[in-house]
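J.: Once you've had a glance at the structure underneath, I'll fire off some questions.
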Amino acid sequence: MTELEIVEACRNLGRPGFRGKQIYAWVQQKAVGGWAEMRNLSNEDQRLFHEAFIWQPLRLIKAQTSLDGTRKYLFQLADGERIECVLMAYDRLTARDRRTVCLSTQVGCPIGCVFCATGQEGFKRNLSVGEIVAQVLEITRLMRLEDRDFKATNVVFMGMGEPLLNYDAVLAAIRILNSRDGQDIGRRRMTVSTSGIAPRIVDLARDDDQVGLAVSLHVADNATRDRLVPVNRRYPLETLLEACREYTRRTNRRITFEVALIAGESSARAARQMAELLRGQLAHVNLIPVNPAPGLDLRRPDQREISAFAGVLSAAGIPVSLREEKGTDIDAACGQLRRRWEEA
Ligand code: SF4
């Protein structure tokens, strides 16, 4: 619920509106685990609100920490479904400035990208606004057991699911996470990632011109992309790039194009095609050598091929970076998330 909705609900219960503001601050800023922790509420109010509101915190099933400090969490939802999310920690020098939570937006994913462990499991359902926001809150609560000052600084919607197929909930979650009396995470510190749901990219430009956009492009020819990212059959590259141009026209913002580098697919010729496709587009290309995932028979190209691919794009004037690996040893890196811990 937004702060306003909680204030209204309190008034409807015959309590002053400021109680709602207090509850919102306890839930969002202090990330408490229950009504009893809200120390400025009387016992009577705690009982009243306990009966009136539904509070379904995520249940932590398991947490794992990578050698590089990345943490992966397996949470159970109220209906028993399970999702994963990731907290990316950086080195000690910068860790206090940037703590990025990678959120899931769906249970499973209907897109079925061939290199993605989540996509191979099929789709169960969308997450609610509360289930999306609760991932940040629960990670905050858990981290504060170790570090009282912990606060998430960045959010990326890049976990399980296609965020733009759960559009309304993602947008509502962004607004709650951005609210000043709540987590107060700047919208420019949030990034929505999409496999290429073209109409929703245009909608996003209209509805929120601050939040960042990352497009999982991967390849620049339709035949290959149809195979790797099946949603390309519905929104082929021409349609996708037209939506991207419209997004940039409206927001003036640069789009990050994510490119998974796969041995046998990421040739210099493929790089030239990509440079041609992105000509004139305000773009930044993020190269991600494909990660090993159990059950998926994909290999990353060798270092020489990766450098050649990057070199072609740079020579065409396209800013390009190689994504720093995070959490590969605990299957928390891109494309590796899925509910593999269910039997754990
Ligand atoms: S990469 Fe993203 S869009 Fe593709 S199947 Fe995986 S979760 Fe879905």
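The values are calculated or read from the model by the stated rules, or taken from the named source; none is laboratory data. Treat the numbers as computed from the prediction; the structure is a model and nothing was measured. Using ideal geometry, Cβ is built from the backbone for each residue, glycine included, and neighbour counts are taken over all protein chains shown. All accessible areas refer to the heavy atoms of the entire protein, side chains included, with ligands and DNA or RNA removed. Shrake-Rupley method; radii C 1.70, N 1.55, O 1.52, S 1.80 Å.
J.: Across segment 214-233, what is the total count of residues that are within 13 Å of the ligand (Cβ to nearest atom), open to solvent by 20 Å² or more (accessible area, probe 1.4 Å) and free of Cβ contacts under 8 Å to residues at least 40 places away in the same chain?
T.: So the answer is 0.
J.: Among the residues in segment 276-287, are any of a type outside the set (A, V, I, L, M, F, W, C) and assigned to a helix (DSSP H, G or I)? Walk me through it before giving the result.
T.: Let us first name the residues in segment 276-287 that are of a type outside the set (A, V, I, L, M, F, W, C), namely 276, 279-281, 284, 286.
Remaining after also requiring assigned to a helix (DSSP H, G or I): 276.
Yes, the conditions are met somewhere in segment 276-287.
J.: Gly196: crowded, with 19+ Cβ neighbours inside 10 Å, free of Cβ contacts under 8 Å to residues at least 60 places away in the same chain and on the phi > 0 side of the Ramachandran plot, yes or no?
T.: On the way: crowded, with 19+ Cβ neighbours inside 10 Å: yes; free of Cβ contacts under 8 Å to residues at least 60 places away in the same chain: yes; on the phi > 0 side of the Ramachandran plot: yes.
Yes: the conditions hold for Gly196.
J.: Quick one: which of Arg125, Arg148, Arg98 is assigned to a strand (DSSP E or B), among the charged types (D, E, K, R) and open to solvent by 10 Å² or more (accessible area, probe 1.4 Å)? I'd like the intermediate steps shown before the answer.
T.: Working: Arg148 fails: assigned to a strand (DSSP E or B); Arg98 fails: assigned to a strand (DSSP E or B).
Only one candidate passes the filter, namely Arg125.
J.: Take the conditions under 21 Å from Ile83 (Cβ atoms) and within 16 Å of the ligand (Cβ to nearest atom) and apply them to Ile197. Does it pass? Let's see the steps before the verdict.
T.: On the way: under 21 Å from Ile83 (Cβ atoms): yes; within 16 Å of the ligand (Cβ to nearest atom): yes.
Considered against the rule, which asks whether it is under 21 Å from Ile83 (Cβ atoms) and within 16 Å of the ligand (Cβ to nearest atom), Ile197 comes out as yes.
J.: With respect to the numbered conditions (1) in contact (Cβ under 8 Å) with a residue 60 or more places away in the chain; (2) hydrophobic (A, V, I, L, M, F, W, C); (3) in contact with a Gly (Cβ under 6 Å, 6 or more places away or on another chain), which one is the sole condition not fulfilled by Leu240?
T.: Tallying (1) in contact (Cβ under 8 Å) with a residue 60 or more places away in the chain; (2) hydrophobic (A, V, I, L, M, F, W, C); (3) in contact with a Gly (Cβ under 6 Å, 6 or more places away or on another chain), Leu240 fails exactly one: (1).
J.: Moving on to the next point. Just a yes or no: is a residue in segment 285-301 surrounded by 14 or more Cβ atoms within 10 Å (Cβ to Cβ), modelled with pLDDT of 95 or more and away from the ligand (no atom under 16 Å from the Cβ)?
T.: Yes: segment 285-301 contains one or more residues that are surrounded by 14 or more Cβ atoms within 10 Å (Cβ to Cβ), modelled with pLDDT of 95 or more and away from the ligand (no atom under 16 Å from the Cβ).
J.: Report yes if Ile185 is crowded, with 17+ Cβ neighbours inside 10 Å and away from the ligand (no atom under 16 Å from the Cβ), otherwise no.
T.: Taking the combined requirement at face value, the residue satisfies it.
J.: If only one of Val211, Val290 is touching a residue at least 24 places away in the same chain (Cβ under 8 Å) and under 21 Å from Phe309 (Cβ atoms), which one is it?
T.: On the way: Val211 fails: under 21 Å from Phe309 (Cβ atoms).
Result of the check over Val211, Val290: Val290.
J.: Can you find even one residue in segment 155-174 that is of a type in the set (A, V, I, L, M), touching a residue at least 60 places away in the same chain (Cβ under 8 Å) and touching a Cys at 6+ places or on another chain (Cβ under 7 Å)?
T.: yes
J.: Restricting to segment 50-77, and then to whatever is aromatic (Phe, Trp, Tyr) and assigned to a strand (DSSP E or B), can you tell me which residue is nearest to Leu13 (Cα to Cα)?
T.: Start the filter on segment 50-77 by keeping residues that are aromatic (Phe, Trp, Tyr), which leaves 53, 55, 73, 75.
Checking the rest, the ones that are also assigned to a strand (DSSP E or B) come to 73, 75.
Values: Tyr73: 36, Phe75: 32 Å.
The residue in question is Phe75.
Quick grid of which residues meet (1) of a type in the set (A, V, I, L, M); (2) within 16 Å of the ligand (Cβ to nearest atom):
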| position | (1), (2) |
| --- | --- |
| Cys102 | no, yes |
| Gly112 | no, yes |
| Phe123 | no, yes |
| Ser128 | no, no |
| Glu138 | no, no |
| Leu142 | yes, no |
| Thr153 | no, no |
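J.: Give all pairs with beta carbons closer than 7 Å in which a residue from segment 32-43 that is under 15 Å from Leu137 (Cα atoms) meets a residue that is part of a loop (DSSP other than H, G, I, E, B) and open to solvent by 30 Å² or more (accessible area, probe 1.4 Å); count only pairs at least 6 apart in sequence or on separate chains.
T.: Gly33/Pro57
J.: Looking at (1) farther than 30 Å from Leu177 by Cα; (2) within 14 Å of the ligand (Cβ to nearest atom), can you tell me which one Ala268 breaks?
T.: With (1) farther than 30 Å from Leu177 by Cα; (2) within 14 Å of the ligand (Cβ to nearest atom) applied to Ala268, the lone miss is (2).
J.: Cβ contacts < 7 Å: first residue within 16 Å of Thr224 (Cα to Cα), restricted to segment 106-122; second residue within 6 Å of the ligand (Cβ to nearest atom) and hydroxyl-bearing (Ser, Thr, Tyr), any location; separation 6+ or different chain. Result?
T.: Ile111/Ser195; Cys113/Ser195
Here's the yes/no breakdown for (1) surrounded by fewer than 20 Cβ atoms within 10 Å (Cβ to Cβ); (2) touching a Ser or Thr at 6+ places or on another chain (Cβ under 8 Å); (3) at pLDDT below 95; (4) among the basic types (Lys, Arg):
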{"position": "Leu77", "(1), (2), (3), (4)": "yes, no, no, no"}
{"position": "Gly80", "(1), (2), (3), (4)": "yes, no, no, no"}
{"position": "Leu87", "(1), (2), (3), (4)": "no, yes, no, no"}
{"position": "Asp91", "(1), (2), (3), (4)": "yes, no, yes, no"}
{"position": "Ala134", "(1), (2), (3), (4)": "no, no, no, no"}
